[in-house]
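Okay, structure first, notes after.
The values are calculated or read from the model by the stated rules, or taken from the named source; none is laboratory data. These numbers come from a predicted model, not from an experiment. Every residue, glycine as well, gets a Cβ built from its backbone with ideal geometry; the counts of neighbours run over all protein chains shown. Ligands, DNA and RNA are excluded from the accessible area calculation, which covers all protein heavy atoms including side chains. Shrake-Rupley method; radii C 1.70, N 1.55, O 1.52, S 1.80 Å.
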Amino acid sequence: MISDHIAGDPMNSNIRWVKLTRSEISEQMKSLGISVSRNIVRKLLKKHNFVKRKMQRKKSIGKSADREQQFKNIISEKESFMNSDNPIISIDTKKKEQVGGNLHRDGSVYCTQAIEVSDHDYAHLADLKIAPHGIYDVKQNKAYINIGVSSETAEFVCDSLKNWWLNHGKNDYKKANEILIFCDAGGANSYRHHIFKFELQQLANEINIPLKIVHYPPYTSKWNPIEHRVFPHVTRALEGVPLNTVSEAKCRIESAKTKTGLTVTTDIIHKTYATGKKVAKNLIKNIKIKFGELVPKLNYTISPMGIS
């Protein structure tokens with residue numbers, strides 16, 4: 001019945017899919033005198049190893065020359081810090097969310113009647129966009145989301161880190177003398193941008209502790225722990241209902257949790273951030289930075305000015 005409607009991956013013979021829906025298969029079988037329901041069709045498909053699945057975003061669009069070496073370095077740094085009194089955090093900014101405007105959101109929720117929202121999702125209908133910046137404490141399996149109501153900038157990222165350290169980190173790691181930070185290679189925390197290193201210097205000076213930065217190689221952001229240990233659960237917490245206010249978004253994000261003990265603490269950063277900021281070359285010279293011996297562009301430590 002389905003042999004003429006099967007497609008497959010030319011590079012992997014184990015990956016095949018059917019180009020017919022269960023209803024279409026049921027109708028065609030009826031034309032052959034076989035009356036079966038869609039449920040029976042589902043069971044028959046499963047018998048032949050066809051199970052409904054979504055596409056998975058796993059194939060990189062490029063490859064970094066430093067990939068293998070940097071992943072070895074990431075493993076080494078993690079092992080070293082796991083045996084210390086210092087925190088290991090993974091950071092990233094989740095995709096921006098539209099707030100207000102009674103706009104549609106993916107997902108479903110138990111309700112007495114369907115929630116009616118606007119029939120279009122134009123950006124101008126929203127009151128604002130929020131940028132949820134996440135910090136995942138690898139050792140304690142705790143997540144902290146700082147919701148920004150302005151632009152995602154290097155200054156915002158560092159303010160989010162400062163908020164975490166002053167309110168949580170320094171109490172959880174009283175003996176810490178360094179912070180290990182895993183982050184992506186691009187975005188507001190790009191390894192190529194001087195502004196990120198400049199803002200990190202301001203942060204290190206303010207909290208008076210060295211910051212060891214380890215960037216994941218380009219095209220490998222999905223391996224950053226926060227991407228698969230925190231953000232999927234936050235996404236599910238935000239599904240199915242409109243976000244009318246930032247406070248509602250905060251409450252929804254805080255409800256995210258897992259059976260393995262993940263908890264999420266959320267705060268709102270109301271500060272407005274200017275975009276397009278640049279750092280003068282003479283200020284770059286004042287950054288107290290030490291690059292790693294291996295893949296130095298992706299590994300460096302920025303220390304407070306007061307620490308020799």
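Using the heavy atoms of the protein chains alone and a 1.4 angstrom probe, what is the accessible area of segment 1-131 per residue in square angstrom? Each step should come with its number before you reach the end.
Working: 10220 Å² over 131 residues.
Using a 1.4 Å probe on heavy atoms only, each residue of segment 1-131 averages 78 Å².
Assuming charge only on the beta carbon of Lys and Arg (+1) and of Asp and Glu (-1), the dipole of segment 1-90 about its Cα centre is about 620 debye to the nearest 20. In the chain, the calculated helix contribution to ellipticity at 222 nm averages -8000 deg cm²/dmol per residue, counting -39,500 (n - 2.57) for every DSSP H run with n ≥ 4.
Averaging over every viewing direction, what projected area does the convex hull of the Cα atoms of segment 33-169 cover, in nm²? Before the final figure, lay out each step's value.
On the way: hull surface 66.1 nm².
So the Cα hull casts an average projection of 16.5 nm².
Against the main long axis of the alpha-carbon atoms of the chain, helix 194-207 sits at an angle near 60°. Surface calculation, 1.4 Å probe, protein heavy atoms: Arg252 sits at approximately 80 Å² accessible. What's the angle, to the nearest 10 degrees (0 to 90), between helix 67-82's Cα axis and the longest principal axis of the chain? So the helix axis and the longest Cα principal axis differ by about 70 degrees.
Do any GluC sites (Glu not before Pro) in segment 215-283 lie in a loop, going by DSSP, with at most 14 other beta-carbon atoms within 10 Å of their beta carbon, and if so which? Display every interim value, and only then the final one.
Values: sites: Glu227, Glu239, Glu248, Glu254; in loops: Glu239.
When the GluC sites (Glu not before Pro) of segment 215-283 are filtered for loop state and at most 14 Cβ neighbours within 10 Å, Glu239 remain.
Pairs of Cα atoms under 8 Å, at least six residues apart: use those to get the relative contact order of segment 166-308, whole percent. Intermediate results must be reported in sequence, preceding the final value.
On the way: 163 pairs, mean separation 45.3, N = 143.
So the answer I get is 32 percent.
Go ahead and set up a Gaussian network model of the chain, Cα springs under 10 Å, then flag whichever of His48, His168, His233 fluctuates most. Between His48, His168, His233, it is His48 that shows the largest mean-square fluctuation. The alpha carbons of the chain give a radius of gyration and a Dmax of 24.0, 85 Å, in that order.
Across the chain, the mean sequence separation of Cα contacts (distance under 8 Å, 6 or more residues apart), normalised by length, yields a relative contact order of 21 percent. Taking a sphere under 13 Å around the Cβ of Ile209 and counting the other residues whose Cβ falls inside, with K and R at +1 and D and E at -1, yields a net charge of +3.
By how many degrees, 0 to 90 and rounded to 10, does the Cα axis of helix 38-47 deviate from the longest principal axis of the chain? Once rounded, the angle reads 70 degrees.
Using DSSP, restrict attention to beta bridges with both residues in the chain and report what percent are antiparallel, rounded to the nearest 5.
Numbers: 26 of 41 bridges.
DSSP beta bridges in the chain are roughly 65 percent antiparallel.
What is the ratio of the Cα radius of gyration of segment 246-308 to 2.2 N^0.38 Å, with N the residue count, to two decimals? Don't skip to the end; give the middle numbers.
Details: Rg = 19.3 Å, N = 63, 2.2 N^0.38 = 10.6 Å.
Expressed relative to 2.2 N^0.38 Å, the Cα Rg reads 1.82.
Under the criterion of Cα pairs below 8 Å and six or more residues apart, the relative contact order for segment 93-219 equals 20 percent.
Note on the chain: with charges restricted to the Cβ of Lys and Arg (+1) and Asp and Glu (-1), its dipole about the Cα centre is near 920 debye. The fraction of accessible area contributed by carbon and sulfur in the chain is 50 percent, rounded to a whole number (1.4 Å probe; ligands and nucleic acids excluded).
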